[in-house]
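The next block holds one structure in the form of structure tokens; read it before the comments.
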Amino acid sequence: MSAKHTTPKKSFFRSGREDSPFKRILIHLVLIISCVIAIFPILRILAVSLRPGNRLMSTDLAIIPPDATLESYRIILFEKPFLSWVWNSLAITISTALIGVILAATAAYAFSRWKFPGRSVGLVFLLATQMIPASMLMIPIYILAIKLGMVGTYRGLVIAYCVTSIPFSVWILKGYYDTIPVDLEEAARIDGCSQLQAFLRVLLPLSTPALAITFLFNFMAAWNEYLLARVMLGSQESLLTWPLGLQRLQGQFQTQWGQFSAGSILVMVPVMVLFLYSSKYLISGLTLGGVKG
Amino acid sequence: MITSEVILKSLGEVGTTVLLILIGTVLVEALLYLILMKWLKYKYALPFMLLAPAAIGLIALVIYPLIWELRLSFTNMSLKAFRDPAFIGIKNYVRVFTEPVLKQKMFFPLLGQTILWTVINITFHVGGGLGLAMLLNRKMRGKGIYRAIIILPWAVPQVIAVLAWRGEFNFAYGYFNIILTKLGLPGVQWLADPVANFAAMCMTNIWLGIPFMMVTLLGGLQSISSEFYEAAEMDGANAWQQFRNITLPLIQPVLTPAILLGTFWTFNNFNVPFFINQNELESSDILVTGLFRAAFQYNRYGFSAAFAFVIFALLLLFTIFYMRYTRSLKGAYES
Amino acid sequence: MTKKLFPLFSVLLVAVMLLAACGPKEAGPVTINLWTKEGEADGGLQYVQALADAYTAAHPNVTFVVTNKEVETLREDFQTASLANAAPELLWTVSDHLGPFTTADLIQPVDKLVDLGKYVGSATDAVKTPDGKTWGVPIANGNHLMLLFNKSLMPVAPANTDELLKMGADFVAANPGKYALAFNETEAFWFVPWLGGFKGKVFAADGVTPTLNTPEMIETFKFLAELKAANIMPAESNYDVMDAAFKEGTAAMIINGDWSLGGYKEALGENLGVAPIPKVVATDTYPAPYTSGVFFMVPKGLEGEKLDAVVDFMKFATNKENQVEMVKKLTRLPALTAALSDNVITEDPILAGSAAQMSYGTPMPTNVEMRCVWDAIKPELLPTYAGTTSPETAAANAQKAAETCIAGLE
């Protein structure tokens, strides 16, 4: 044990094994309650998906109802084109998230390492895009897509997802690049690398956490997107993404709640897996442009 | 069921689009290379080439629609003047402030509601997020599991989360009223009572927003060296003093942009207020849901475009003041 | 006969054209984009698709792209697409859309396209404007609310409101934990039948001035608050609560629309009963649910071979054979007079009950102002039913909200 740790810690919010047992129990208790609050609504969706028939409302509070059945899952997996919806969403989401990261990574590099004319205007503009209410751009984008013949195909949608994710990604990535000393790239250039090679071989590998976060954010945004997909794709059976597909289970007044919930649970799984894998990166990569090295 | 036909079709669609983007990018880059690099030998040729693809995309999908909306905001376009709307100058902008923007509510009361909604949410997001981050920022058993579970609400698609929460606010079948009646208290009309409905909206959004804050702030806390705290303890500082004098100032660079982003997202949050407010109570509307109603429910296109620019301008003003006041973004945006 | 000859003829024509290689293009391939509000949940979309497929089988040169859009989305997207001159060729939608679409001048009248005399009068009346033009070809008639009851819990339906209260109280006393009645308390659509029962209307005679602060309106609110106070209903029900309670057998009666009949027939079988909503004793009048229906609407500017194909398809979709098929598949009342007398309808007690209720109905206003009326009544419903807002205040609030909203439509 190092000398530093010989002083017992008194602060409630700090440090580890020296916490008194009482305090430790209290901390665990608070965290357990938080976990319950976090997970409870999700369990309620699970409960609806397991109920037989089509009942959203029930006086029954059990998470696993006594007459639980996997019928809703069977219907949605084997009788509805749910898997193609998920496949379509995956194809769109992964490709747009990747392209979005590439476009943002290069743009952020320019913002981080050069003081070109128009730079501050550009940065303020990126920030300003985050303030635009989404419904404001719907009509013009739809008309633009119609004029370019991009309705009813993935073309317009993929391009739109790539582009709309750029401002936030640039924000995260530029902030992260700023924390990496320029000296490293300069050293590489002395070794004979070009500027671009230095970027690709030195800066990018060091920025893995931020790149992972950016990918995750882009993935989430495209995976859950509904409004734009609705106007751009209409409802061509073979092209539907999962949010559009699940929407089809809702009629004007009636909804197939069991299948809807089963579908919801199933689409949450990929995202949750992604989150669990990246939760380490999440914390180190989200510097939000503030922390300076 | 999934057929190979669907698999191939969507792969083909996505693939050709990616190819299209690639070809476009190569063409643009080649053109810029020839003009900026070879011909003009411009000092900033490389950064401009790096920026070009993103910039072109943003011009097409953000700047162009904004200009389209700006033009629309000076016309009287609505269902009654649909095909050829007339230019009416700044009349729409005047009407935003002088006429009801919803059925009865005027602009400023609606702005007040929106600010209240934003302040309540951000306070709880930051308070809850910071509290949890501090509890988790220590060596302890099960830290990874707690962290993973607490992040989960972030992974739930917002629309699904909102529908699930709305069910819980049902008078007879919702969980909250079941608990209240078990405690012998009267049930709350979450969907009909203005105050209760507003509270319901806030509860839902707080649940959705805490994970992002927690993760961000945990990153900030972990970058604070423990030596600061040890030195403070040597000087006999208590927990509150340590929090006030070490944690807060050192987490500031992360906290400030996180609050700013959280403010934009909450201020512009559509799903939660729109779907939790099932009875169309005007007291539960915020500016962006009002904007949606004006544009899509009542088809007041010209008016709603002007309304949207007013909201946009408000946020821009807020950002300028906030950045001046905290100055911490200066480092990120002007250095 | 023409129906059988047509495919043969078109095949011949295509063959001739192929041989001639540069023949006239009149019967070239036509693609019809059909937007429908029918979703998958009740089999409606499948029915539309089947109709389109059947038509294409008979007329191979006409193909359809059937797109389902939720009612509100269909309206928004049709407006935007028309703005970009990219409207679909045919709409299959509700009568409510008539107001916005005619106001914005987006659809064409159908008087000259089909023989409207073949259809039930109340259906075509629903899409007629004061200038005498008809804007839609009816597909189904109704979309109206009615009283549904579970015969195993309540053998006979109450005939009037006094009986409703009396039988309801007896039922609840005999079956603790169950409800005599449930209806969707959150939507004004479930409120207007009662308003009709108290002889009230949402618009004055001119059809655009809202009349929501009237004695009839206050009486309706009062009655419904009393009904709630009688403790024969769930504390607060929306569509899903009512639906679940009826399916679970915890509610003896509900008020729901013709679209739900198919599902309940499946859930309750022989125990499902249909009756008119009980007569209001105070006025000796039956409640008047709004009737509308489902219609084809044709976008403005559609002409030439596309228009011909659309018109022919509309006639095909509403011929007797297909109308009877729709009744069987979707349990909706047909719009074609000839199909009404088919024994599928006359011999089915549920459809007969639905038709009986329909005769007390009143056509739903379709103008753009109606939207403001719906939105003005909606927030007043739950607080008034719960007794936290007085009927007088609620009526005054609704009237004020409707007036300012209509003024804002410019």
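The values are calculated or read from the model by the stated rules, or taken from the named source; none is laboratory data. Computed from a predicted structure; not experimentally measured. As a convention, Cβ positions derive from the backbone with ideal geometry for all residues, glycine included, and neighbour counts pool all protein chains shown. Ligands, DNA and RNA are excluded from the accessible area calculation, which covers all protein heavy atoms including side chains. Shrake-Rupley method; radii C 1.70, N 1.55, O 1.52, S 1.80 Å.
Some observations on this one:
- Pairs of alpha carbons in the range A:81-285 whose separation is greater than 32 Å (percent): 27
- Accessible area per residue in Å² at 1.4 Å probe, computed on chain B: 42
- Per residue, the convex hull volume that the Cα atoms of chain B enclose (Å³): 267
- Gaussian network model of chain B, springs between alpha carbon atoms under 10 Å - residue of B:F307, B:F228, B:F169 with greatest fluctuation: B:F228
- Near the amide H of C:F64, within less than 5 Å, lie the amide hydrogens of C:I32, all on another chain or at least 5 residues away, with H placed in the peptide plane.
- Förster radius 56 Å - calculated FRET efficiency between B:Q222 and B:A30 (Cβ-Cβ, nearest 0.05): 0.80
- Each residue of the range B:10-23 is assigned a 3J(HN,Hα), and the resulting list reads 6, 4, x, 4, 5, x, 5, 5, 4, 4, 4, 4, 4, 4 Hz, derived from the Karplus form 6.51 cos²θ - 1.76 cosθ + 1.60 (θ = phi - 60°), x at Gly and Pro.
- Annotation: the antiparallel percentage among DSSP beta bridges lying fully within the protein assembly as shown is about 65.
- For the range A:100-231, the solvent-accessible area with a 1.4 angstrom probe is 34 square angstrom per residue.
- Chains B and C together bury roughly 3100 Å² of accessible area, counting both sides, with a 1.4 Å probe on protein heavy atoms only.
- Peptides A:178-186, C:303-311 ordered by average Cβ neighbours within 10 Å, highest first: C:303-311, A:178-186
- Pairwise burial C:A, computed as accessible area of each alone minus the pair, summed, 1.4 Å, Å²: 2400
- Among the trypsin sites (Lys or Arg not before Pro) in the range B:54-116, those placed in a DSSP loop whose Cβ has at most 13 other Cβ atoms within 10 Å are B:R83.
- Taking chain C as a Gaussian network of alpha-carbon nodes connected by springs under 10 Å, the highest mean-square fluctuation of the residues C:H97, C:H59, C:H144 belongs to C:H59.
- Solvent-accessible area per residue in chain C equals 38 Å², computed with a 1.4 angstrom probe and all protein chains kept.
- By the rule of a C-alpha distance below 19 Å, with chain neighbours fewer than 8 residues away ignored, the lysines paired with C:K265 are C:K151, C:K247, C:K328, C:K329.
- Less than 5 angstrom separates the built amide H of C:T285 from those of C:V280, all sequence-distant by 5 or more or on a different chain.
- Note on B:S283 and B:D235: the extension gain reaches 12.1 nm, defined as 0.36 nm multiplied by sequence separation minus the Cα-Cα distance.
- Fluctuation leader among B:Q222, B:Q252, B:Q241 - chain B, Gaussian network, Cα springs under 10 angstrom: B:Q241
- Chains A and B together bury some 10500 Å² of accessible area, summed over both sides, with a 1.4 Å probe.
- Amide H contacts of C:A251 (H built 1.01 Å from N, in plane; Pro and chain starts excluded): C:Y179, C:F246 sit under 5 Å, all sequence-distant by 5 or more or on other chains.
- Of all accessible heavy-atom area on the protein assembly as shown, the percent that carbon and sulfur account for (1.4 Å): 66
- Helix content alone sets the calculated 222 nm mean residue ellipticity of chain C: runs of n ≥ 4 DSSP H residues at -39500 (n - 2.57) each, divided across all residues, give -14000 deg cm²/dmol.
- Inter-chain neighbour count for C:64-77: the average number of beta-carbon atoms from partner chains within 10 Å of each residue's beta-carbon is 4.
- Across the protein assembly as shown, counting alpha-carbon atoms alone, Rg and Dmax equal 31.0, 103 Å.
- Residue-by-residue Karplus 3J(HN,Hα) for the range A:64-76, coefficients 6.51, -1.76, 1.60, Hz, glycine and proline x: 9, x, x, 9, 4, 8, 9, 3, 4, 5, 4, 4, 5
- Debye equation applied to the C-alpha atoms of chain C, log10 I(q)/I(0) at 0.06, 0.08, 0.10, 0.14 Å⁻¹: -0.28, -0.48, -0.72, -1.28
- Theoretical FRET efficiency, 1/(1+(r/R0)^6), r = Cβ-Cβ of B:L8 and C:D342, R0 60 Å, to 0.05: 0.85
- Where chymotrypsin sites (Phe, Trp or Tyr not before Pro) fall in DSSP loop in the range C:315-410, at most 10 other Cβ within 10 Å: none
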